1. Below 19 Å, Cα to Cα, which aspartates and glutamates can residue B:210 reach? Residues fewer than 8 away in the same chain don't count.
2. Would you mind checking the tilt of helix B:151-162 against the longest principal axis of the Cα atoms of chain B, expressed as 0 to 90 degrees and rounded to 10?
3. For residue B:160, what is the net charge nearby, where nearby means another residue's Cβ is under 12 Å from its Cβ and Lys, Arg count +1, Asp, Glu -1?
4. Students sometimes get this wrong: rank B:197, B:159 by accessible area, probe 1.4 Å, all chains present, largest first.
5. With +1 assigned to the C-beta of every Lys and Arg and -1 to the C-beta of every Asp and Glu, and no other charges, what is the dipole magnitude of chain B about the Cα centre in debye, to the nearest 20?
6. Once amide H atoms are built 1.01 Å from N in the peptide plane, which residues 5 or more positions from residue B:126, or in another chain, come under 5 Å H to H?
7. Taking a ≥ b ≥ c as the square roots of the eigenvalues of the Cα gyration tensor of segment B:121-217, is the shape rounded (a/c under 1.5), prolate (a/b larger than b/c) or oblate?
8. Among B:102, A:63, what's the order by accessible area (1.4 angstrom probe), most exposed first?
Amino acid sequence: MTSPIHHCKECVDLLGEYVEGVLPPDRAKALEDHLSTCPPCITFVRTYRATRKLCRNALATEMPKELMSSLSSFLGDRRRSKTRLPTTDPFDTTHVAPLPLRGGRG
Amino acid sequence: MADLNQTQRELAPEEPRPDGQPGDRELVERAQQGDGPAFAMLVERHQRQLYRLALRMTGSEADAQEVLQEAFLNAYQKLPLFRGEAQFSSWLYRIAANSALMRLRRKRRAPDTLAEQPLELAGPRFSAEGYLEPASSSDWSQRADEKMMSGELGDAINKAVAELPDDYRTVFLLKDVDGLSNEDIANALALTVPAVKSRLHRARLALREKLGEFFDGAK
Ligand SMILES: [Zn+2]
């Protein structure tokens with residue numbers, strides 16, 4: 001069933017799934033067979049991977065800590081101003097009891 | 001038959017979490033019964049990914065903050081309507097994505113769509129026979145490691161990403177930078193999974209070209 005890859009274009013079309021490791025094994029094999037005979041495609045795979053890595057390093061971001069606390073106090077305030085559910089305030093951390101761990105039961 | 005399997009899967013007990021904490025489904029049920037700390041725990045668990053989604057869609061930290069507030073408030077109010085067969089995280093993503101879209105519309109900055117924007121994304125050049133043109137294959141990947149964190153490279157990356165059409169950029173950032181799954185992205189942005197994959201691949205190809213130009217210029 002495996003049909004060989006003759007042209008770089010087919011190889012490039014499959015790269016997205018290949019670098020994520022989700023290409024079906026027969027297509028991955030065909031792609032690697034093509035790579036073994038095609039230096040331009042080897043370079044292409046390397047730079048395609050490097051693109052993802054560089055962008056991830058440059059653009060990765062974390063939610064700022066201040067935003068987490070302002071979110072929780074915002075939600076707490078809104079909850080206090082219009083109570084919908086009969087409950088303790090979910091965002092008042094002084095009342096948050098530690099939740100039981102699953103493993104602790106048996 | 002397929003339906004039966006589906007039902008069986010939905011009724012199966014929730015996978016235990018590696019951290020030993022209760023799963024989303026259990027927390028949702030508790031929150032629906034008025035357990036406030038359970039909802040606070042859901043917020044704590046999902047706020048980081050939701051923040052990334054909001055930030056990538058709106059492009060601004062201030063907007064992301066407001067989207068997050070609105071989304072969690074909405075989720076809290078709609079919680080009684082949430083049905084357990086859906087993933088709670090997917091449901092949250094939809095709520096946050098809608099909130100981000102409304103905000104963009106109010107600012108008259110609705111995302112570009114393919115229909116409005118003829119797409120000329122950069123990509124590799126092939127010969128008529130389908131072989132890579134030599135210009136498409138200069139190998140800068142080794143130098144990328146050395147130059148990893150230079151300011152100029154950072155600027156070049158930011159510029160190249162900013163030049164992508166909105167939905168390509170959003171998909172790329174959510175997947176390759178933030179690590180969301182294709183399914184979550186498709187769900188949040190109301191795209192099909194194949195549409196997500198195709199935007200992702202084309203965005204990477206365009207960025208690869210721009211980075212290639214940067215490294216060629218920096219020799
Ligand atoms: Zn090739």
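The values are calculated or read from the model by the stated rules, or taken from the named source; none is laboratory data. No experiment lies behind these values; they were computed from the predicted model shown. Don't worry about glycine lacking a Cβ; one is built from the backbone with ideal geometry, like all the others, and counts go over all protein chains shown. SASA here: full protein model, heavy atoms, side chains in, ligands and nucleic acids out. Shrake-Rupley method; radii C 1.70, N 1.55, O 1.52, S 1.80 Å.
1. A:13, B:120, B:133, B:139, B:145, B:146, B:152, B:155, B:163, B:166, B:167, B:176
2. It works out to around 70 degrees.
3. Numbers: positive: B:159, B:169, B:204, B:208, B:210; negative: B:155, B:163, B:209, B:213.
With Lys, Arg at +1 and Asp, Glu at -1, the neighbours total +1.
4. Numbers: B:197 75, B:159 125 Å².
Descending order: B:159, B:197.
5. Working: 30 positive and 35 negative charges, 107 e Å.
Dipole magnitude for chain B comes out near 520 debye.
6. B:133
7. Details: a/c = 2.33, a/b = 1.32, b/c = 1.76.
Since a/c reaches 1.5 but b/c is at least a/b, the shape of segment B:121-217 is classed as oblate.
8. Values: B:102 100, A:63 10 Å².
Ranked from most to least accessible, the order is B:102, A:63.
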